[in-house]
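A.B. asks: Sending over a structure as structure tokens; questions will come in a sec.
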Amino acid sequence: MAASTITRSALTNGTTPWSATTINSAVYDKIDELFGGAGTYATLELGGALKINGALTQLSNDGGALGTSSLGWSDLFLASGAVINFNNGDVTLTHSTNTLTFAGASSGYVFDDHLKFTVGKYLDWGTTVGSFGGRFGRYITGSFLIGVPGTSASESFLVVDSAGATIAEFRGNKLASFGGNIAIGKGARFYLDGTAGTGNTYLEEYSDDEIRLTIGGSAHSAWNATGQYIYYNPPTSAAAANAVIAQTDYIRRSTSSIRYKHDIATLDGSDALAAVMAMRPVTYRGKTDADQRRFVGFIAEEVQQWAPLLCTYDDGGESGTPNYVTYDRVTAYLVAVVQQQQSEISALKARID
């Protein structure tokens, strides 16, 4: 064919003429090369849209590219429901209203850079969006969440805040299971209520090798490496069983073996007798006891005057503000009194005899 203006009736796909009204001679030369003139397959250059009523294919599988590294296409417009199909269905990317669905890829999807989410946007899996089986994404600015079955962010499993005070927050009635160690820095708190940073019940390493439990904002108890259990501000009750709580609220084992004692001296019988004779046994009701029944005992402030060693004190030691009477140790005074009186009885019998 000679280079000239070609009408659409002269260029057909076998049945239907090309849609362009005319094609100029420069374009015709390219077509001549492509379809036989030069015997090679050259580039078909068009100054506008290429309209095809059918499939656009190439002569062999994996035989060429759509565009080049220096001449790329600006936009690719696909209709609703369009499918991008890789390797005859090995992996597909399918569109539906407001949704893009990945399918195939049994070995998973690989990203060689960051996967970014805007605030309030998530990656859901397991079930339909809105009633998700799992969720990952940005919860608020500076935070992300990992979700488990639920319907709202408040039921999320884990929220991590890299910008604020909260490092990790578990939400909802979810069970967390860990197969390895959990490391919490010194001074960090394990909150048992509310949001981290605002709750008032938590566990923490308060000082070196000491774990403290705070309940309702008040220190409740602590444990340390020496085996001591510390009970802060324990409640009192006249109905409670005997318990020995040492100064500063430490709960310790009371021992009798000489292995644990030094500076041992015999209790003076005369002093013990004077103290016992001065003690005032009383009946009373506990101020915090619900049933308000009566009990028997002593008043620590009164016992302190005659037998200070039978009292414990708020600040420890052998004096100060008395807390309670060590009733189990009153027996030592009573034994000393019996011995003192028996000695006097024996002396009187000797004089009579």
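A.B. asks: Using DSSP to call loops (not H, G, I, E or B), can you name the trypsin sites (Lys or Arg not before Pro) in the stretch 282-353 whose Cβ has at most 14 other Cβ atoms within 10 angstrom?
C.D. replies: Here the sparse-neighbourhood loop sites are R285, K287, R293, R294.
A.B. asks: In units of 2.2 N^0.38 Å, what is the alpha-carbon radius of gyration of the stretch 263-352? Walk me through the intermediate numbers first.
C.D. replies: Numbers: Rg = 16.3 Å, N = 90, 2.2 N^0.38 = 12.2 Å.
With N residues counted in the stretch 263-352, Rg over 2.2 N^0.38 Å equals 1.34.
A.B. asks: OK, next. Amide H neighbours of A188 under 5 Å, counting only residues 5+ apart in sequence or on other chains, H built in-plane at 1.01 Å?
C.D. replies: Here the answer is E205, since their amide H atoms fall under 5 Å of that of A188.
A.B. asks: A further question follows. Can you give the net charge of the other residues whose Cβ lies under 9 Å from the Cβ of I184, counting K and R as +1 and D and E as -1?
C.D. replies: Local charge sum for I184: 0.
None of the figures in this text is laboratory data; all of them are computed from the coordinates on show. Keep in mind that what you see is a predicted model, and the values were worked out from it rather than measured. Neighbour counts run over all protein chains shown; Cβ positions are idealised from the backbone, glycine included.
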